[in-house]
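Inspection log for the structure reproduced underneath, given as structure tokens.
Each reported figure results from applying straightforward, stated rules to the coordinates on display, with no laboratory input. Values in this document were obtained by computation on a predicted structure and should not be read as measured data. All Cβ positions, even for glycine, are placed from backbone atoms using ideal geometry, and neighbour counts span all protein chains on display.
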Amino acid sequence: MEPLAPRKARVRKLITRLKKLYPDPKCMLDFETPLELLVATILAAQCTDERVNLTTPALFARYRTAQDYASVSQAELEALIRSCGTFRRKAEGIRKACQTLLDQHGGRVPRDLDALADLPGVGRKTGNVVMGCAFGVPSVIVDTHVLRLTGRLGLATPHNVEKKYADKIEQELLAVVPPKERTVFSHQLTYHGRAVCVARKPRCPECVIASLCPFPEKTVA
């Protein structure tokens with residue numbers, strides 16, 4: 001893989017170009033509080049952000065605190081989130097996470113990545129979403145798009161570019177992305193992965209970062 005120094009320099013150039021295309025990228029999940037974002041991100045696993053955003057208004061209107069989620073029955077919560085897929089596991093995860101918030105954090109979402117990652121059904125990816133988007137702490141968020149683009153851009157060790165190695169990808173990106181740009185760069189990659197560098201056939205000829213990308217199927221100089 002490319003040495004660290006030139007990789008850092010290339011990342012800075014990537015950020016500059018992507019900012020022109022996506023000047024103000026935001027989290028694609030709708031939320032108003034850290035708890036809402038925590039719940040929405042749990043629901044977003046193996047589900048589109050669009051579907052989650054259709055589901056959460058009714059959910060957020062009914063349940064506003066960790067106590068509300070911890071007290072609701074499994075069956076009632078399942079019924080409200082059924083459209084998000086794997087609803088039994090997600091309902092259980094939300095209820096357990098919120099019970100842990102009550103037991104260990106006074107019912108509040110902790111502003112600490114390790115504490116977030118230790119919540120039942122959460123993990124580092126969800127923790128980084130909450131840290132970066134709800135608390136404004138620059139964080140590397142490794143979603144499906146970031147995972148794919150990280151591999152194509154040569155920003156991570158090739159054998160790490162799989163979902164099961166997302167934590168390793170996070171560490172490799174932490175080493176090359178300037179701290180203040182981490183959340184923004186994560187969103188930029190997600191936006192670009194949705195719009196241009198799509199999974200099946202990336203649109204390399206129209207890509208603004210093509211000249212900075214070593215992807216072998218690239219069709220531009």
*Just how many pairs of Lys in the chain have C-alpha atoms closer than 13 Å, counting pairs that are eight or more places apart or on different chains?*
4
*Loop-only check: which GluC sites (Glu not before Pro) in region 1-54 are DSSP coil with at most 11 other Cβ within 10 angstrom?*
Glu32
*asked:* For Thr48, Thr65, which order do you get if you count the other beta carbons within 10 Å of each Cβ and list the fewest first?
replied: Thr48, Thr65
*For the chain, with a Gaussian network of springs between Cα atoms less than 10 Å apart, report the residue from Pro34, Pro178, Pro205 with the top mean-square fluctuation.*
Pro205
_Candidates per chymotrypsin sites (Phe, Trp or Tyr not before Pro) in region 20-85, loop by DSSP, up to 13 other Cβ within 10 Å_ = none
*Karplus (6.51, -1.76, 1.60) ³J(HN,Hα), θ = phi - 60°, over region 8-16, in Hz, Gly and Pro reported as x*: 4, 5, 5, 4, 4, 5, 4, 4, 4
_Cα-centred dipole magnitude for the chain, charges only on beta-carbon of K, R (+1) and D, E (-1), debye, nearest 20_ = 840 debye
*Note down the nm distance, to one decimal, between modelled labels 7 Å out along Cα→Cβ at Ala9 and at Gln104.*
4.4 nm
*Ranked by Cβ crowding within 10 angstrom, fewest neighbours first, how are Cys84, Cys27 ordered?*
Cys27, Cys84
*asked:* Using Cβ contacts closer than 10 Å as the measure, can you line up Ile141, Ile42, Ile15 from fewest to most?
replied: Ile15, Ile42, Ile141
*Place +1 on the Cβ of every Lys and Arg and -1 on the Cβ of every Asp and Glu in region 65-117, take the dipole about the Cα centre, and give the residue among Leu77, Leu101, Phe87 whose Cα lies farthest towards its positive end.*
Phe87
*Have a look at Pro3, Leu18, Ser211 and report the one farthest towards the positive end of the charge dipole of the chain, computed about the Cα centre with Cβ charges (Lys/Arg +1, Asp/Glu -1).*
Ser211
*asked:* Which residue fluctuates most in the GNM of the chain (Cα springs below 10 Å): Arg17, Arg95, Arg124?
replied: Arg17
*Which whole-angstrom value gives the distance between the alpha carbon centres of region 28-65 and region 124-187?*
21 Å
*Förster-model FRET efficiency, 45 Å R0, Glu2 and Thr48, C-beta, rounded to 0.05*: 0.85
*Between Ala115 and Ala195, what is the spin-label point distance in nm, taking each point 7 Å from the Cα along the Cα→C-beta axis?*
3.7 nm
*Between Glu181 and Thr33, what is the spin-label point distance in nm, taking each point 7 Å from the Cα along the Cα→C-beta axis?*
3.6 nm
*Could you check which residue among Ile81, Ile94, Ile169 shows the biggest mean-square fluctuation in a GNM of the chain with a 10 Å Cα cutoff?*
Ile81
*Rounding to the nearest 20 debye, state how big the charge dipole of region 34-134 is about its Cα centre with +1 on each Lys and Arg Cβ and -1 on each Asp and Glu Cβ.*
140 debye
